[in-house]
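Contents: one structure, followed by commentary.
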Amino acid sequence: MFRKGLGGCSTTELSFLLEPSDVIAVRDKLLMLDCQVQGEGPIVITWRRNGAPVETSQRVQVLANGTLLIQSFQKRREGTNADVGEYDCAARDHYGMLVSRKVKVQLASLPKFHTHPESMEVDEGGVARFQCQIKSIPEANITWERNHIPLSTLETRYTLLPMGILQVTGVTKEDAGIYRCVASNIANTRFSHEATLNVTGGAPMIYREPFILSGPQNLTITVHQTAILECIATGNPRPIVSWSRLDGRSIGVEGIQVLGTGNLMISDVSLQHSGVYVCAANRPGTRMRRTALGRLVVQAPPEFQQWPQSISKPVGGSAVFTCVAQGVPEPHLIWLKNGKVLFPGDNVKLTNNNSTLAVIHITLEDEAIYQCIAENSAGTNQASARLAVAQVKDLPASPQGLRARALSNSALQVTWSQPTTEITDAIIGYVLQIRKIGEPDSHELQEAVSKTIFQHDFTNLEPSTTYSIYLKSYSPLGASQHSLTVVATTLGGVPIAPTFFTKVVNSTAVQVLWELPIKAGQTEGFWLSYRRVPNEGFWGPIQLPFHINTHTISYLEPGSVYEVKLVAYNGNGESDSSNRLVSLAGKSGHNTGGEFSCQCRDGEGSMGGVIIGIHIAMACIIFCVLFLMFGYRRSLFCSKGTQRGWSVPSDHNGHNAIAKDGTSHLRNEQVCKEGGMTSQFRVHIEQDSSCLPGLDTA
């Protein structure tokens with residue numbers, strides 16, 4: 001198979017032109033097994049039987065075209081089965097080894113009958129049935145004789161079924177005689193025991209219920225074979241035989257034929273023919289009937305839906321081979337490396353029921369031919385691919401000068417620099433890879449470009465969407481390192497303004513959090529900036545990529561108010577800004593406090609700072625008033641209703657005791673007597689001038 005593709009190997013890969021097939025050999029006769037391959041020479045072909053190498057000799061030879069020739073097939077030699085067994089051929093070139101499917105080589109045989117026909121007595125006009133069975137290789141052809149004369153197949157009353165059954169309907173006196181079956185194949189011819197058919201006089205016309213002499217048997221065959229389901233019935237009047245499916249589906253007409261009076265033959269069966277079939281013997285003109293069931297199972301050998309592809313990877317890279325096969329029953333998959341079964345290991349991973357083979361951390365020892373073998377009870381199939389391990393020095397240089405621009409709301413144009421003639425001659429083409437920003441690598445799309453073209457248009461893209469694009473060049477040994485990644489946005493519009501929140505981390509830090517777009521590619525990134533109120537200028541902006549949704553602003557001034565602004569952008573421009581005020585007042589290293597939302601424009605945050613200062617001053621005044629009220633209520637409680645005012649102590653000169661620093665020391669000794677208990681307390685008030693009305697505390 002000649003393959004020349006990007007990511008693959010430009011060479012005539014080792015592959016089979018003709019694989020061996022199951023064969024039945026005749027003792028002392030010549031046997032040939034085909035094995036023809038193509039690839040880069042030299043190619044050496046060897047044969048194995050039951051997993052062991054076949055020893056060549058004058059009797060056993062491997063021809064120049066790979067065919068195995070056994071001049072005189074032997075059943076036994078030196079007490080063992082000499083030539084019978086499972087064979088496969090192996091082809092090796094300097095890239096690795098390829099193994100064919102396994103085939104069975106059997107010796108033709110015709111043993112004795114294990115079921116002989118039995119004598120019977122039948123009324124004239126009735127039904128007779130004889131059966132003989134023999135297990136042979138290959139399946140024997142069975143015919144019948146009456147009185148040692150072959151039965152004529154032109155007689156419509158005689159029905160000969162391949163499984164050794166003879167049906168005779170409407171028996172007459174001339175049918176009486178001695179019957180035997182004759183089995184023959186390439187190995188021999190055998191005769192069964194003889195059986196006598198006696199025909200008695202015509203029975204009186206009395207009613208007899210329908211009775212099925214022999215109904216359908218369960219049968220398992222392979223697609224494209226012929227299925228015969230037997231059904232023969234007797235009764236008076238003669239019953240009518242009909243067929244149906246148990247699941248109610250139509251049997252159809254194509255390839256359907258009735259043999260004799262009621263046997264169903266289905267030619268070229270397919271998987272749709274599988275099911276349970278119902279044979280019914282109906283009495284004419286009534287609903288009286290008898291039924292018999294038989295299951296038909298149709299199998300299909302494995303067929304590949306996806307084949308592994310040959311690839312070239314550098315040392316240290318990873319390679320993934322995929323092999324998907326279907327069949328009935330479901331095929332079992334195994335992998336071979338240069339003809340040997342591959343098991344999971346440190347750098348070999350098998351997943352998805354062995355349909356995916358991953359080779360990671362590639363080394364030079366991993367260069368080989370890998371085969372996927374699909375097996376079930378109906379057959380075997382194989383597919384192969386080669387892993388070429390390239391060193392970095394052998395790979396082409398990465399493309400340079402990659403640029404992208406928008407053509408419309410659904411198209412982007414990509415260009416890159418034309419390499420030197422030496423580089424162009426060494427490569428076989430380019431592959432452009434594109435995906436929306438924010439999408440996983442598995443969603444990446446690829447487009448191949450000829451090595452003589454240095455421009456490509458991506459079409460059918462989504463409007464206002466940002467895409468990530470890079471380029472690789474390929475040589476027969478593999479791919480280069482990818483170029484620098486470029487980002488481009490289709491025409492259509494700017495992103496919507498992002499929604500964000502702030503969280504005070506401590507007295508000098510604020511965390512900003514925002515929601516990412518739901519749809520990939522809507523935003524290329526974000527600009528974050530901030531300023532200290534009431535300053536006019538913003539610090540920043542800080543550029544953040546599309547996948548980041550949080551940022552912490554540090555080294556802020558404690559006790560200050562800051563305005564935070566966030567903008568989303570793409571190749572078409574910036575969104576409207578989202579603004580928010582956050583206060584660090586009262587934050588001393590612990591995460592408490594709130595934030596203030598602002599929908600104002602730039603430069604309108606100074607009034608907010610004044611309002612915050614007024615609020616803080618009012619809170620201080622209220623706190624002082626509550627403190628004084630609490631002390632007053634306590635004095636009332638202790639005096640049991642006695643109203644005493646607070647007196648400001650005077651010094652000996654008659655002046656009050658307010659110090660020059662604004663602090664008054666008020667002492668009041670009050671005796672509270674109740675139940676003989678005496679309580680004495682002192683109140684010490686330190687007065688802060690900042691809490692007095694009329695003073696600015698903002």
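Starting from the amide H of residue 475, placed 1.01 Å from N in the peptide plane, find each other amide H under 5 Å away whose residue is 5 or more places distant or on another chain.
Here the answer is 428, 480, since their amide H atoms fall under 5 Å of that of residue 475.
Amide H to amide H under 5 Å from residue 368: which residues, 5+ apart in sequence or cross-chain, H placed 1.01 Å off N in plane?
Residues meeting the amide H criterion: 387.
Return the FRET efficiency for the residue pair residue 268, residue 36: r is the Cβ-Cβ distance, R0 is 25 Å, and the value is rounded to the nearest 0.05.
Numbers: r = 29 Å, r/R0 = 1.16.
For residue 268 and residue 36, the calculated efficiency is 0.30.
Extending each Cα 7 Å along its Cβ direction at residue 139 and residue 194, get the distance between those two points in nm, one decimal.
The two pseudo-label positions are separated by 3.0 nm.
How many angstrom separate the Cα center of the range 499-529 from the Cα center of the range 24-57?
Value for the Cα centre distance between the two parts: 70 Å.
Can you bin the range 192-265 into rounded, prolate or oblate? Criterion: square roots of the alpha carbon gyration tensor eigenvalues sorted a ≥ b ≥ c, rounded for a/c under 1.5, prolate for a/b above b/c, oblate for the rest.
On the way: a/c = 2.85, a/b = 1.55, b/c = 1.84.
Verdict is oblate for the range 192-265.
Given H placed 1.01 Å from N in the peptide plane, which residues other than close sequence neighbours of residue 354 have an amide H under 5 Å from its amide H?
none
How about the range 78-176: which GluC sites (Glu not before Pro) there are in a DSSP loop, with at most 14 other Cβ atoms within 10 Å of their Cβ? Write out the running numbers ahead of the final one.
Values: sites: 78, 86, 118, 121, 124, 139, 145, 155, 174; in loops: 78, 118, 124, 139, 155.
In loop regions of the range 78-176 (DSSP not H, G, I, E or B), the sparsely surrounded GluC sites (Glu not before Pro) are 78, 118, 139, 155.
As an exercise, identify the trypsin sites (Lys or Arg not before Pro) in the range 287-359 lying in DSSP coil whose Cβ has no more than 15 other Cβ atoms within 10 Å. Display every interim value, and only then the final one.
Details: sites: 287, 289, 290, 295, 337, 340, 349; in loops: 287.
Passing both the DSSP loop test and the Cβ count: 287.
Spin-label point model (7 Å from Cα, Cβ direction): what's the residue 44 to residue 152 distance in nm?
Going by the 7 Å Cα→Cβ label model, 6.6 nm.
Mind giving me the FRET efficiency for residue 397 and residue 307? R0 is 30 Å, r the Cβ-Cβ distance, nearest 0.05 is fine.
Numbers: r = 31 Å, r/R0 = 1.04.
Efficiency at R0 = 30 Å is approximately 0.45.
Using only the alpha-carbon atoms of the range 307-391, report the extent along each of the three principal axes, biggest first, to the nearest angstrom.
43, 19, 19
Between the range 305-336 and the range 241-286, how many Å separate their Cα centres?
41 Å
Starting from the Cα-Cα distance between residue 482 and residue 288, subtract it from 0.36 nm times their residue separation and give me the gain in nm to one decimal.
On the way: separation 194, 0.36 × 194 = 69.84 nm, distance 7.88 nm.
That pair, residue 482 and residue 288, stretches by 62.0 nm at full extension.
Please list, in order along the range 262-277, the HN-Hα scalar couplings obtained from phi with the Karplus expression 6.51 cos²θ - 1.76 cosθ + 1.60 (θ = phi - 60°), rounded to whole Hz, x for Gly and Pro.
Once θ is set to phi - 60°, the couplings for the range 262-277 become x, 7, 9, 10, 10, 8, 6, 5, 10, 4, 5, 7, 5, x, 9, 9 Hz.
Of the chymotrypsin sites (Phe, Trp or Tyr not before Pro) in the range 187-276, which ones lie in a loop per DSSP and count no more than 13 other C-beta atoms within 10 Å?
Details: sites: 191, 207, 211, 243; in loops: 207.
Of the chymotrypsin sites (Phe, Trp or Tyr not before Pro), the ones in loops of the range 187-276 whose Cβ has at most 13 other Cβ atoms within 10 Å are 207.
Calculate the spin-label point distance for residue 557 paired with residue 94, positioning each point 7 Å from the Cα along the beta-carbon direction, and give it in nanometres.
7.6 nm
With a Förster radius of 56 Å, plug the Cβ-Cβ distance of residue 63 and residue 208 into 1/(1 + (r/R0)^6) and report the FRET value to the nearest 0.05. Please report the intermediate quantities before stating the final value.
Numbers: r = 67 Å, r/R0 = 1.20.
The computed FRET efficiency comes out at 0.25.
What's the center-to-center distance, using Cα atoms, between the range 131-200 and the range 425-463 in Å?
Distance between centres, Cα-based: 71 Å.
Which entries of 337/451; 436/472; 104/340; 75/112; 393/436 have Cα-Cα distances beyond 25 Å here? Working shown, then result.
Working: 337/451 33 Å; 436/472 18 Å; 104/340 20 Å; 75/112 18 Å; 393/436 32 Å.
Over 25 Å Cα-Cα: 337/451; 393/436.
All of the numbers you see were taken from the coordinates with simple rules; none came from a lab. Here the structure is a predicted model, which is why all the values come from computation and not from measurement. Note that each Cβ is placed from the backbone with ideal geometry, even for glycine, and that neighbours are counted across all protein chains shown.
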